[in-house]
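Below is one structure, written out as structure tokens; comments come after it.
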Amino acid sequence: MHSIFFSVIISNDYDEIKSWSIIITKKNNGRFMKFSKHIVTILIIVCPFIYNSCDGGLNIFSKSDDVQLGLDINTQILNDPQQFPIYRTDLSVKAYINSRIFQHILASPLIESKDIYNYQIEIIDDDSVMNAFALPGGYIYVYTGLLEYLNSEAALAGIVGHEIAHAELRHATQRMTAQYGVSVLLNLILGENPSQIAEIASNLFVGFAFLANSRSDESESDMESFNYLKDTRYYPGGVKFFFEHLKADNLVSQNPGKIETFLSTHPNPLERISEINNLLQQANIEVRDFNSTGSGIYRDEYSVNIKNKLR
Ligand SMILES: [Zn+2]
């Protein structure tokens, strides 16, 4: 028997995070039981320090839970071609994005879980959706509606980097910890329902509620995309190009149907442009916008190998 330290954030609002911490022991059969009520009380008092010392929030799930969750949800997506039709018209598009952009970014030493996660990228054939999303454990999905709108490999690399960051930083299971932490733990502690995690995983799929990223998750993933791209051939500010493009097309304020989905899962585009510009300035990298050309942008390559093939 070995003891494991668990901490749980309970919050509906990232501005007002309360945290609990509980020490429980993990039995060899994988079920959990309460170790000490007194220790729980003590830890509730000291927990703000524990929370502050943690990078990027707390997560009661393990990385292998992320892998399992992603696998389960990915299977459901592949079994639902009505809602998620996989793009198969020209297989060279996916092959190009995978080898040229996705694997290139994954080579960054900053991406630590690549040996644990099932990193893979897939294209959903739906021109009416300008979006991309990541499942726990490294499944990245990009819609054709987004690919047709972007105008450079740097812009796509920025978004792919951003989605990799959601998986790498484990935002989905962090949010699950925040939403379900207490009930999960109580059930685990009481040992009454060890399959609770699996139940929650299947509930997650309904309505894709887990895709509604928080403001802080978005900023964190933008910043990580910037950091990953610094290790690549691409301009590191690529993640902001999509937002600049929307702004130039007057699509941010009008918020029409096509980008509603993206904006509902990726909030605050204008603030995010200025955040990335700040990062570029701090790193002494020239601030360029979505229409710029030159090194690190790869506009022609994008047209020839991706955009023109979708049409
Ligand atoms: Zn995001």
Can you name every residue in the range 274-311 that is assigned to a helix (DSSP H, G or I) and more than 26 Å from Val93 (Cβ to Cβ)?
Ser274, Glu275, Ile276, Asn277, Asn278, Leu279, Leu280, Gln281, Gln282
Please find, within the range 119-129, the residue that is farthest from the ligand (Cβ to nearest atom) out of those that are touching a residue at least 24 places away in the same chain (Cβ under 8 Å), in contact with a Ser or Thr (Cβ under 7 Å, 6 or more places away or on another chain) and not in a strand (DSSP E or B).
Asp125
Looking for something within 16 Å of the ligand (Cβ to nearest atom) and under 29 Å from Thr177 (Cα atoms) - is there at least one such residue anywhere in the range 95-108?
yes
Evaluate the following for Phe61: is it assigned to a loop (DSSP other than H, G, I, E, B), among the hydrophobic types (A, V, I, L, M, F, W, C), crowded, with 19+ Cβ neighbours inside 10 Å and within 17 Å of the chain's Cα centre (by Cα)?
yes
Looking only at the range 142-151, count how many residues are under 18 Å from Lys94 (Cβ atoms) and either in a loop (DSSP other than H, G, I, E, B) or within 15 Å of the ligand (Cβ to nearest atom) (or both).
4
Can you find a residue that is of a type in the set (D, E, K, R), crowded, with 22+ Cβ neighbours inside 10 Å and either at pLDDT 95 or above or over 23 Å from Ser295 (Cα atoms) (or both) anywhere in the range 97-113?
no
Which of the residues belonging to the range 276-291 are surrounded by fewer than 18 Cβ atoms within 10 Å (Cβ to Cβ) and not hydrophobic (A, V, I, L, M, F, W, C)?
Asn277, Asn278, Gln281, Gln282, Asn284, Glu286, Asp289, Asn291
Just checking: which of the helices (runs of 4 or more DSSP H) contained wholly in the range 174-254 hold 2 or more residues that are modelled with pLDDT of 75 or more and closer than 30 Å to Ala155 by Cβ?
215-229, 241-248, 251-254
Can you confirm whether the range 298-305 contains a residue that is surrounded by 12 or more Cβ atoms within 10 Å (Cβ to Cβ), modelled with pLDDT under 95 and among the polar types (S, T, N, Q)?
no
Exception for Leu78 within (1) out of contact with any Gly (no Cβ under 9 Å at 6 or more places or on another chain); (2) of a type in the set (A, V, I, L, M); (3) modelled with pLDDT under 90 falls at (3)
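The values are calculated or read from the model by the stated rules, or taken from the named source; none is laboratory data. The shown structure was predicted, so the numbers you read here are calculated from the model rather than taken from an experiment. Here the Cβ is made from the backbone with ideal geometry for all residues, glycine too, and neighbour counts use every protein chain on show.
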